[in-house]
1. Show me, for the range 233-244, the HN-Hα J-couplings you get by feeding each phi into the Karplus relation (A = 6.51, B = -1.76, C = 1.60, θ = phi - 60°), rounded to Hz, glycine and proline as x.
2. Could you state the accessible area per residue of the range 21-91 in Å², with a 1.4 Å probe and every protein chain left in place?
3. Please report, largest first and rounded to whole Å, the three semi-axes of the ellipsoid equivalent to the range 58-102, where each semi-axis is the square root of five times an eigenvalue of the C-alpha gyration tensor.
4. Considering just Cα atoms, how many Å³ per residue does the convex hull of the range 109-221 enclose?
5. Express in whole angstrom the spacing between the alpha-carbon centres of the range 57-78 and the range 176-212.
6. Enumerate the amide H contacts of residue 180 below 5 Å, restricted to partners 5 or more residues apart or on another chain; note that Pro and chain-start residues carry no placed amide H.
7. Pop a pseudo-label 7 angstrom from the Cα along the beta-carbon direction at both residue 122 and residue 84 and give the gap in nm to one decimal.
8. Can you give the extra length, in nm with one decimal, that the chain gains between residue 141 and residue 155 once fully stretched, where that is 0.36 nm per residue apart less the Cα-Cα distance?
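The values are calculated or read from the model by the stated rules, or taken from the named source; none is laboratory data. Just so it is clear, the structure is predicted and the values come from calculations on it, not from any experiment. Every residue, glycine among them, receives a Cβ derived from its backbone with ideal geometry; neighbour counts consider all protein chains shown. Accessible surface areas use protein heavy atoms only, side chains included; no ligands, DNA or RNA. Shrake-Rupley method; radii C 1.70, N 1.55, O 1.52, S 1.80 Å.
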Amino acid sequence: MSFGFRACTLGILIAPALAPWQARADDFTDFQEARTAYERQEYDTAVVQFEALLEEFAAQGDPGAPLVLETRKYLASSLVFLGRNTEASRQFELLLQADAEFPLDPAGFPDEVVRLFFAVRERLKRQHADAIARREQESERRRLAEEAQQARRRALWVTMQEMAAVETVERQNSRWLALLPFGVGQFRNDHRRLGAFLASFQSLTLSASFVTQWAHAHLAAQDLSEAEIVRRADRVRAANIALNVAFCASLIAGIIDAQIRFRPVIRSQRPRALPESLSEDFLPAENTVIEEWPIHGQP
């Protein structure tokens, strides 16, 4: 294989590796030419050359490269000299977005350029701090919302347990049973205090009535004078009549009360044992809107 062929092959292999270096060398040369125009105070020419450089750098995709940052710095300074402060601020903003700690030597630039640079940097710092504060507030808001959602899920779970632990029992009532004495109608209507009073009063009066009848029947067997027997018999009879009247009055009053306040259906609640397998796995998923769940019979 000839030397010329080997050299040609080597050149073909090395050329792609050297191409970026050549491009960077060309960029630096173009930068120096633009900076020379800047130093000659040919700001219009410098702006055109610096902007052309930035277009080339955009194709390379490295906005934080030192040469890119220097180009933006001198482009912004040139724009300030031309009175185009809005465009200069934009260039400083892009520069600081790529490197927030980029140093600018105040001794190397006019005061107007330095003031604009530091004003843009302070504005970006405030925007950055505001963005961090908003993110923290949003994070705190999400945390509080999650805690509130967990609290609502826990409240729903407690309500479900309370509802499941109580069983409602319905009992059909009868008007025929409300005609019975001794407070049966009151007990059936779930008026237990009045039922207990009527049961006690009627039992007492009926028992006392039987006792007076027995006493009246055995007066003749006692060793008493006829006048005393008659006198005692009148007393026992009067007591018996009073007891019977009291019994009948309470009986009628109880029947009337039971019929007037009759309840066709009596509902009561009793505890119900929950299965051990019942757990919080029965809760709705975390993305369920808890507020829309019916609780305590709400529609």
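1. After applying 6.51 cos²θ - 1.76 cosθ + 1.60, I find 4, 5, 5, 5, 5, 5, 5, 5, 4, 4, 5, 5 Hz.
2. Numbers: 3940 Å² over 71 residues.
Ligands and nucleic acids excluded, the figure is 56 Å² per residue.
3. Working: eigenvalues 71, 22, 15 Å².
Semi-axes from the Cα gyration tensor: 19, 11, 9 Å.
4. In the range 109-221, the Cα hull volume divided by residue count equals 191 Å³.
5. Computed from Cα coordinates, the inter-centre distance equals 105 Å.
6. Distant-sequence amide H within range of residue 180: 185.
7. In this crude label model, residue 122 to residue 84 measures out at 2.6 nm.
8. Extending this stretch completely gives an extra 3.0 nm.
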